[in-house]
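Take a look at the structure below.
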């Protein structure tokens, strides 16, 4: 039975206490709860042969949240914390990024700050590797929801006082000064590209 559409039960939700700060043991518990999630039957129930991608590709994307590595279990005292970097003269503009641990996105995210410096960007860069953004103390239970970290990272920046905030993917590298992107936010509240809910392409998109 598809409990989401029948009963509106979130299949990604984990049972974890809401609070502002989590201990290492909390993170380890959250990690275990994520790994225990089995949503194969849910995915098979919603998959349609009319979709333009395979079931395997859809599953790979949708399980992004429950496959996160949020804690380094080889170091039982290290708790992931958000790092904020001032670039150039600083200012009101803030890029945000999040990655889990032990993957190529984590490695690539370490190069973003240098690309900002080389492009003469003035602003801030908010980066979280591991853990999960938890701006109001209520977000951790949603960490299994695929890609939910993007909005939550933006809210982390807003909590710090930033109003002009842009998500940057860990695989991106800044070549030109991105100031003009933030200038667009002076006229529009939000800028994004939307996709149909059943759109899971197997080929790279040209945007």
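The values are calculated or read from the model by the stated rules, or taken from the named source; none is laboratory data. Bear in mind that the values here come from a model prediction, so they are computed numbers and not experimental data. Cβ: placed from backbone, ideal geometry, glycine included. Neighbour counts: every protein chain shown.
In segment 105-119, what count of residues is obtained for those that are in a loop (DSSP other than H, G, I, E, B) and within 13 Å of residue 90 (Cβ to Cβ)?
0
Based on this model, can you work out whether residue 165 counts as at pLDDT 95 or above, more than 16 Å from residue 86 (Cα to Cα) and not in a loop (DSSP other than H, G, I, E, B)?
Working: at pLDDT 95 or above: yes; more than 16 Å from residue 86 (Cα to Cα): no; not in a loop (DSSP other than H, G, I, E, B): yes.
Considered against the rule, which asks whether it is at pLDDT 95 or above, more than 16 Å from residue 86 (Cα to Cα) and not in a loop (DSSP other than H, G, I, E, B), residue 165 comes out as no.
Hey, could you check segment 53-112 for residues that are within 23 Å of residue 29 (Cβ to Cβ) and without any contact (Cβ under 8 Å) to a residue 40 or more places away in the chain and say which is surrounded by the fewest Cβ atoms within 10 Å (Cβ to Cβ)?
My answer is 74.
Please count how many residues of segment 23-67 are assigned to a loop (DSSP other than H, G, I, E, B) and closer than 28 Å to residue 81 by Cβ. Break it down stepwise before answering.
Taking segment 23-67 and keeping what is assigned to a loop (DSSP other than H, G, I, E, B), we get 23, 36-39, 47-54, 63-67.
Pick out the ones that are also closer than 28 Å to residue 81 by Cβ and you get 23, 36-37, 63-67.
Qualifying residue count for the region: 8.
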